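What follows is a single structure, written as structure tokens, with notes after it.
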Amino acid sequence: MSSSPNDTQSDPTWQTAWAWVRRQHAGEGALDAAASAELAQWLAADPAHRKTYAEAARLWLLVGLVPPAHDVPSPDAEDAAR
């Protein structure tokens, strides 16, 4: 992404894109027909929407690939195992 974290927090396009990505991945992950139509309309309204949505979706994917902190052994645990 080309923006700093502080820029994205105040950017309404980023906030909307991030909300859509979270909404798609909450629960079952599928949007109903009305929500899908609303998302499609928002994406079509401005090329920046589609670009920002793609960035938000990429961020969601990358965050999902990072293991939770409790799954990563601490350096102390590795030393104790030796």
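How do the helices (runs of 4 or more DSSP H) wholly within the chain filter down when requiring 2 or more residues that are at pLDDT 90 or above: which remain? First the steps, then the outcome.
On the way: elements: 5-10, 12-25, 33-45, 47-65, 75-81.
By residue number, 12-25, 33-45, 47-65.
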Working only within segment 42-70, note down all residues that are over 20 Å from residue 11 (Cβ atoms), out of contact with any helix residue (DSSP H, G or I) (no Cβ under 9 Å at 6 or more places or on another chain) and not hydrophobic (A, V, I, L, M, F, W, C). 67, 68, 70
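Can you pull out every residue in segment 23-41 that is of a type in the set (Gly, Ala, Ser) and either closer than 21 Å to residue 9 by Cα or surrounded by 13 or more Cβ atoms within 10 Å (Cβ to Cβ) (or both)? Walk me through it before giving the result.
Taking segment 23-41 as the starting set, the residues that turn out to be of a type in the set (Gly, Ala, Ser) are 26-27, 29-30, 33-37, 40.
Those that are of a type in the set (Gly, Ala, Ser) and either closer than 21 Å to residue 9 by Cα or surrounded by 13 or more Cβ atoms within 10 Å (Cβ to Cβ) (or both): 26, 35.
The values are calculated or read from the model by the stated rules, or taken from the named source; none is laboratory data. On a predicted model such as this, the values are computed, not experimentally measured, just so you know. Backbone-built Cβ (ideal geometry, glycine too); neighbour counts: all protein chains shown.
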